[in-house]
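The values are calculated or read from the model by the stated rules, or taken from the named source; none is laboratory data. It should be emphasised that the depicted structure is a prediction, and the values quoted were computed from it without experimental measurement. With ideal geometry, Cβ positions are generated from the backbone for all residues, glycine too; neighbour counts draw on all protein chains shown. Accessible surface areas use protein heavy atoms only, side chains included; no ligands, DNA or RNA. Shrake-Rupley method; radii C 1.70, N 1.55, O 1.52, S 1.80 Å.
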Amino acid sequence: MEFLPLTQPQLGIWYTEKMFPDTSINVIAGTLKLRGDIDYPLLKRAVSVYIENNDTLRLRFREVDGEPRQYYSESPPKEPEI
């Protein structure tokens, strides 16, 4: 696993999170409404493939020697909840 330094904008978000822990200060959320018959196993697979093929969705953060670092997880942490 390769740990990489954070960019300046990422550091700003990191330190804001440290100042206001356990809040939703930097949470961006959305809702998608689907209508009609849905093949849920196929939808779950599509979301998983999308995550696997987009590095930014697998980006994770960790403190290493007291400094924030980022790395890419090899796979999604869990199956998407749909």
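Some values worked out for this structure:
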item	result
Residue in the stretch 73-82 that is free of Cβ contacts under 8 Å to residues at least 12 places away in the same chain and open to solvent by less than 80 Å² (accessible area, probe 1.4 Å) present	no
Where GLU63 falls short, out of the listed (1) part of a helix (DSSP H, G or I); (2) open to solvent by 80 Å² or more (accessible area, probe 1.4 Å)	(1)
Selected residue [over 17 Å from the mean Cα position of the chain (by Cα) and modelled with pLDDT under 90] from LEU57, LEU32	LEU32
Test: LEU6 is within 16 Å of GLU81 (Cβ to Cβ), at pLDDT 90 or above and not basic (Lys, Arg)	no
Scan of the stretch 8-51 for residues that are in a loop (DSSP other than H, G, I, E, B) and among the aromatic types (Phe, Trp, Tyr), ordered by number	PHE20
All positions within the stretch 30-58 that are open to solvent by 80 Å² or more (accessible area, probe 1.4 Å), over 20 Å from TYR72 (Cβ atoms) and not basic (Lys, Arg)	THR31, LEU32, LEU34, ASP37, ASP39, TYR40, PRO41, LEU42
Residue check, VAL27 without any contact (Cβ under 8 Å) to a residue 60 or more places away in the chain and open to solvent by less than 80 Å² (accessible area, probe 1.4 Å)	no
